[in-house]
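Written below as structure tokens is the structure these notes are about.
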Amino acid sequence: MTFSSYIRQSREGLKAQDRRFSVRQVAQRIGVEPAYLSKIERGDVAPPSEGKIRALAEELNEDPDVLLAMAGKVSSDLLAIIRKRPKLFAELIRDLKSMPDHAILRIARDVRDGDW
């Protein structure tokens with residue numbers, strides 16, 4: 001699923017139960033023009049900035065990191081972390097790409113708990 005179709009599906013799902021999730025009202029709450037949000041949802045324009053994606057995520061009750069990834073972007077805080085040790089994080093991410101989710105979650109828990 002593309003970023004644009006996911007955003008539209010998420011907003012439309014909320015709109016089915018709450019009229020406050022029309023294109024016009026969501027656009028107003030996140031600080032963009034309704035026509036621009038409509039173009040985003042149709043995939044007529046590139047995904048917006050990180051700030052607007054974060055605002056959309058909050059508005060639609062979605063995970064901002066997931067939306068950023070779907071938009072082909074990386075959160076600025078993660079980018080700052082990667083830039084401090086780019087070679088190490090590139091190698092780590094490449095090694096993790098084929099691991100199952102449960103193994104990655106275990107590694108994350110071990111690191112968080114200090115069990116290494």
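The values are calculated or read from the model by the stated rules, or taken from the named source; none is laboratory data. These numbers come from a predicted model, not from an experiment. When we count neighbours, we look across all protein chains shown, and the Cβ atoms used for this are built from the backbone with ideal geometry, even at glycine.
Just need a number here: residues in segment 50-98 that are among the aliphatic types (A, V, I, L, M) and outside any helix (DSSP H, G or I). Show your work before the answer.
Going residue by residue through segment 50-98, those that are among the aliphatic types (A, V, I, L, M) are 53, 55-57, 60, 66-71, 74, 78-82, 88, 90, 92-93, 96.
Of the ones still in play, those that are also outside any helix (DSSP H, G or I) are 71, 74.
The number of residues fulfilling the criteria is 2.
Being basic (Lys, Arg), under 19 Å from the mean Cα position of the chain (by Cα) and surrounded by 10 or more Cβ atoms within 10 Å (Cβ to Cβ) is the filter here; which residues of segment 73-98 pass it?
First pass over segment 73-98, keeping only residues basic (Lys, Arg): 73, 83-85, 87, 94, 97.
Restricting the remaining residues to those that are under 19 Å from the mean Cα position of the chain (by Cα) gives 73, 97.
Correct list: 73 only.
Which pairs turn up if I take residues in segment 9-31 that are farther than 17 Å from residue 57 by Cβ and look for partners that are of a type in the set (D, E, K, R) with beta carbon separation below 7 Å, at least 6 apart in sequence or on another chain?
What qualifies is 22/15.
How about segment 99-116: which of its residues are surrounded by 11 or more Cβ atoms within 10 Å (Cβ to Cβ) and not in a helix (DSSP H, G or I)?
99
Working only within segment 71-116, note down all residues that are modelled with pLDDT of 95 or more and at positive phi.
72 - this is the single residue of segment 71-116 that is modelled with pLDDT of 95 or more and at positive phi.
Is there a residue in segment 2-21 that is surrounded by fewer than 15 Cβ atoms within 10 Å (Cβ to Cβ), in contact with a helix residue (DSSP H, G or I) (Cβ under 8 Å, 6 or more places away or on another chain) and not in a helix (DSSP H, G or I)?
yes
Only residues that are among the polar types (S, T, N, Q) and touching a helix residue (DSSP H, G or I) at 6+ places or on another chain (Cβ under 7 Å): list them for segment 50-77, please.
If the condition is that a residue be among the polar types (S, T, N, Q) and touching a helix residue (DSSP H, G or I) at 6+ places or on another chain (Cβ under 7 Å), then 75, 76 are the ones that fit.
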